[in-house]
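To start, the structure itself, in structure tokens.
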Amino acid sequence: MAATPAHKLRVLFVDDEAPIRMMMGLELPRLGYDVTICESGEAAIAALDKHSFDVVVSDLRMPGKSGWDVVEHLEKVAPETEFIISTGHGNMDEAIQAIRRGAYDFLPKPWQLFDLQNVLKKVADRRNLVNKTIALESRLKQVEGTTNIIGSTPGMKRVHKLIEKVAPTDSTVLILGETGTGKELVARRIHEMSPRHDAPFVAVNCGALPENLVESEFFGHRKGAFTGADSARKGLFEVANGGTLFLDELGELDRTMQVKLLRFLESGEIRRVGENESFIVDVRVVCATHRDLQEMVQKGEFREDLFFRVNTFEIHLPPLRERREDIPAIARFLIARHLKRATIPEDILSPDAAEVLLSHDWSGNIRELANALEHAVILAENEQILPEHLPASVTRKAMKGGAMAGGSGFQVPKSKDSKAKKLREIEMEMILHVLDKHNGDKPKAAEELGIALKTLYNKLNQYQAQSHAG
């Protein structure tokens, strides 16, 4: 029943009876708790002004400052801290008053060690649940996909293998890759395959944090630590205690925060802004960046010692253009996600649309592909996705000699009948000209040509079939 070191509570124990203090000073650390012992309300209030605690266990009636005075001060400086009242003079009225003041529990003396142990275990479980909730909120705000990492190309097979190797360990991982390649998905997969999978996964984009608030976001702060700090707040490292903290865009951290991150990685200690004392949290750090950290080290923009510390195990994600064979499977997954369906028709993506996707360079990688398909799903209205449903930025290259030769995706068919060939060529040249004029927008081209959109598609399909036959 002892608290594990990874999730141990920081406990402030207050009692004016020396034997009880002595016993708690010995037994609670043995059970895995980080304990500060105080002999009076005054000492407890002073401790609260200097340190952070997860829970305060206080005697109610003491000479000088009472347990109620400690609770009142606690409500001002650290309202998120749980408190448990212990007293030998307890009665039902005091118990009710304690609960109304927000006490987690009320222990009438004489209580046994296992009574306190049971309550502390419940406090630890509750705080872990709160941390998971905060982590989930952070994850929902930032997540752009699921933990399905799709890919069967050699590069992606290597990524899968590396994830399987490193996930069971506590090693720091550095994920490299261009923007939009799915670095957060890899980090989350590492977490879910690790022994920490039941603990929080917290993701933060280092480049999106205001420069003057980065330290507070990471490590938390005490009430009044700086202008605007109207209440105490946990940092992301504390929220992720027992789990994984994913630091995306690591290269955006300034030198000051690089020093503080290095200190944590070497000691496991953090210190809230406005506090003098550090405390230990158990957090696995996974980092990611699209920048060349070695080049940044040479330019003096990134600390060399931090680079070596975060680069314990490296995973490189290939860009989408280097694994085009994976595009159809990724596209089907993204379409199903946008449609919120478990299954989708096999022909949901037309061959022509698939050809366009395969021909595009995808500088924005999977994120760009996801946006393009969301655009297409909206225009297709639950029907088959055709090339004209894709954004013009995607179809433009295909219409100008990429995968679709001649600017429209079709070559002029050849015929043994020279007269018929000429007529078809004239018609095709006109269609190609109008399509190029409208950047491949078939509805606009059909309108200018004075034909139905279906007729245009039929002609293009006929020309394509004849071209293949020729």
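The values are calculated or read from the model by the stated rules, or taken from the named source; none is laboratory data. Nothing here was measured: the structure is a model prediction, and the numbers come from that model. A quick note on method: Cβ atoms are made from the backbone with ideal geometry, for glycine too, and the neighbour counts reach across all protein chains shown.
Which residues, counting only those in segment 351-400, are under 21 Å from PRO443 (Cβ atoms), basic (Lys, Arg) and in a helix (DSSP H, G or I)?
ARG396, LYS397
For the list (1) surrounded by fewer than 18 Cβ atoms within 10 Å (Cβ to Cβ); (2) modelled with pLDDT under 75; (3) of a type outside the set (Phe, Trp, Tyr), I need the number of the one condition that GLU448 fails.
It is condition (2) that GLU448 fails.
Would segment 310-317 turn up any residue that is closer than 30 Å to ILE385 by Cα and touching a residue at least 24 places away in the same chain (Cβ under 8 Å)?
Taking every residue of segment 310-317 in turn, at least one turns out to be closer than 30 Å to ILE385 by Cα and touching a residue at least 24 places away in the same chain (Cβ under 8 Å).
If you take the residues of segment 355-385 that are in contact with a strand residue (DSSP E or B) (Cβ under 9 Å, 6 or more places away or on another chain) and touching a residue at least 12 places away in the same chain (Cβ under 8 Å), which of them is farthest from ARG337 (Cα to Cα)?
Only one residue tops the list, namely LEU357.
Of everything in segment 11-63, what is part of a helix (DSSP H, G or I), surrounded by 16 or more Cβ atoms within 10 Å (Cβ to Cβ) and in contact with a helix residue (DSSP H, G or I) (Cβ under 7 Å, 6 or more places away or on another chain)? Give them in sequence order.
Result: GLY41, ALA44, ILE45, LEU48.
Please find, within segment 310-330, the residue that is farthest from SER359 (Cα to Cα) out of those that are surrounded by fewer than 18 Cβ atoms within 10 Å (Cβ to Cβ) and hydrophobic (A, V, I, L, M, F, W, C).
The qualifying residue farthest from SER359 (Cα to Cα) is PHE313.
So SER66 ticks every box in (1) modelled with pLDDT of 90 or more; (2) surrounded by fewer than 19 Cβ atoms within 10 Å (Cβ to Cβ); (3) more than 19 Å from LYS223 (Cβ to Cβ); (4) small (Gly, Ala, Ser) but one. Which box is left unticked?
That leaves (1) as the condition not met.
For LEU209, indicate whether it is crowded, with 18+ Cβ neighbours inside 10 Å, without any contact (Cβ under 8 Å) to a residue 24 or more places away in the chain and not polar (S, T, N, Q).
For LEU209, the condition - crowded, with 18+ Cβ neighbours inside 10 Å, without any contact (Cβ under 8 Å) to a residue 24 or more places away in the chain and not polar (S, T, N, Q) - is met.
Is it the case that ASP305 is more than 30 Å from LEU358 (Cβ to Cβ), out of contact with any Pro (no Cβ under 7 Å at 6 or more places or on another chain) and not hydrophobic (A, V, I, L, M, F, W, C)?
The answer is yes for ASP305.
Only residues that are surrounded by fewer than 16 Cβ atoms within 10 Å (Cβ to Cβ) and either at pLDDT 80 or above or small (Gly, Ala, Ser) (or both): list them for segment 122-146, please.
Passing the criteria: LYS122, ASP125, ARG126.
Is it the case that segment 312-323 has a residue that's farther than 30 Å from HIS375 by Cβ and more than 25 Å from the chain's Cα centre (by Cα)?
Among the residues of segment 312-323, not one is farther than 30 Å from HIS375 by Cβ and more than 25 Å from the chain's Cα centre (by Cα), which makes the answer no.
Scan segment 338-366 for residues that are aliphatic (A, V, I, L, M) and over 23 Å from LYS183 (Cα atoms) and jot them down.
Answer for segment 338-366, where residues must be aliphatic (A, V, I, L, M) and over 23 Å from LYS183 (Cα atoms): LEU339, ALA342, ILE344, ILE348, LEU349, ALA353, ALA354, VAL356.
Considering each of VAL55, VAL14 in turn, give the residue that is among the aliphatic types (A, V, I, L, M), within 22 Å of LYS223 (Cβ to Cβ) and in contact (Cβ under 8 Å) with a residue 60 or more places away in the chain.
On inspection, the qualifying residue turns out to be VAL55.
Looking only at segment 314-333, decide whether some residue is aromatic (Phe, Trp, Tyr), in a helix (DSSP H, G or I) and not assigned by TED's automatic domain parsing to the domain that holds ALA167.
yes
Restricting attention to segment 189-197, does a residue exist that is among the aliphatic types (A, V, I, L, M), within 18 Å of THR133 (Cβ to Cβ) and crowded, with 23+ Cβ neighbours inside 10 Å?
The answer is no; no qualifying residue exists.
Every residue, every condition in (1) in contact (Cβ under 8 Å) with a residue 12 or more places away in the chain; (2) touching a Ser or Thr at 6+ places or on another chain (Cβ under 8 Å); (3) surrounded by 21 or more Cβ atoms within 10 Å (Cβ to Cβ), yes or no:
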{"residue": "VAL214", "(1), (2), (3)": "yes, no, no"}
{"residue": "LEU236", "(1), (2), (3)": "yes, yes, yes"}
{"residue": "ALA240", "(1), (2), (3)": "yes, no, yes"}
{"residue": "THR244", "(1), (2), (3)": "yes, yes, yes"}
{"residue": "LEU253", "(1), (2), (3)": "yes, no, yes"}
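Which one of these is crowded, with 23+ Cβ neighbours inside 10 Å, under 27 Å from GLU80 (Cβ atoms), of a type outside the set (Gly, Ala, Ser) and modelled with pLDDT of 90 or more: VAL202, VAL186?
Just a single option satisfies the conditions, and that option is VAL202.
Got a number for residues in segment 160-189 being of a type outside the set (A, V, I, L, M) and not in a helix (DSSP H, G or I)?
Looking only at that region, the number is 11.
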